[in-house]
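The values are calculated or read from the model by the stated rules, or taken from the named source; none is laboratory data. None of these values were measured; they are calculated from a predicted model. Please note: Cβ atoms are built from the backbone with ideal geometry, for glycine as well, and neighbour counts cover all protein chains shown.
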Amino acid sequence: MDESRDSDSVIVAQIVGDGTYLFSAPSSVYWLSSRYRIPILTVILNNKGWNAPWVSMQLVHPTGEGSRASNRDLHISFDPSPDYAGIAKAAGGDMVWTGVAETTGDFAATIKEAIQLVKSGRTAVVECKIPGIDPTVG
């Protein structure tokens with residue numbers, strides 16, 4: 001950590017995709033955050049799918065059978081989306097504040113509130129709904 005910075009301006013933050021969030025045992029993360037009073041800011045980029053496998057497949061087999069399949073056909077769709085904020089809230093209780101942003105305007109206001117809450121000692125989870133990659137949509 002940069003010792004010249006005011007410690008009040010430093011926060012622990014992570015920006016993760018929805019697949020990373022789901023597969024990282026979020027219930028453990030937010031229970032521990034609550035149990036040990038560790039404020040964390042999490043921004044979840046919700047594109048309704050686990051697109052890392054799709055991108056990898058496209059790099060190796062751009063014209064293969066999978067290139068014409070939907071995320072649902074490939075079993076990497078998260079549609080309908082889980083309640084990401086609800087997962088954190090259920091595990092962390094009152095220590096966890098949650099917000100959802102569907103537009104850039106929503107995000108600007110929500111992230112400001114989230115940062116202030118983390119600085120005050122609470123954990124904040126912000127779900128950002130973003131467009132996904134699906135070859136059958138378009």
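Overview of results
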| read-out | value |
| --- | --- |
| Count - residues of segment 32-72 that are of a type in the set (D, E, K, R) and at pLDDT 95 or above | 2 |
| Boolean, HIS75 is on the phi > 0 side of the Ramachandran plot, more than 13 Å from the chain's Cα centre (by Cα) and free of Cβ contacts under 8 Å to residues at least 40 places away in the same chain | yes |
| Segment 76-105, residues that are of a type in the set (A, V, I, L, M, F, W, C), in contact with a Lys or Arg (Cβ under 9 Å, 6 or more places away or on another chain) and modelled with pLDDT under 95 | PHE78 |
| Failed criterion for ARG68 (all others in (1) over 20 Å from the mean Cα position of the chain (by Cα); (2) surrounded by 17 or more Cβ atoms within 10 Å (Cβ to Cβ) hold) | (2) |
| Any hit, segment 14-21, residues being closer than 30 Å to GLN116 by Cα and among the polar types (S, T, N, Q) | yes |
| Segment 10-46, residues that are free of Cβ contacts under 8 Å to residues at least 60 places away in the same chain, assigned to a helix (DSSP H, G or I) and of a type in the set (S, T, N, Q) | THR20 |
| Among (1) within 30 Å of SER120 (Cβ to Cβ); (2) touching a helix residue (DSSP H, G or I) at 6+ places or on another chain (Cβ under 7 Å) - the single one ALA25 does not satisfy | (2) |
| Condition check for VAL29: over 17 Å from the mean Cα position of the chain (by Cα) and either at negative phi or not charged (D, E, K, R) (or both) | no |
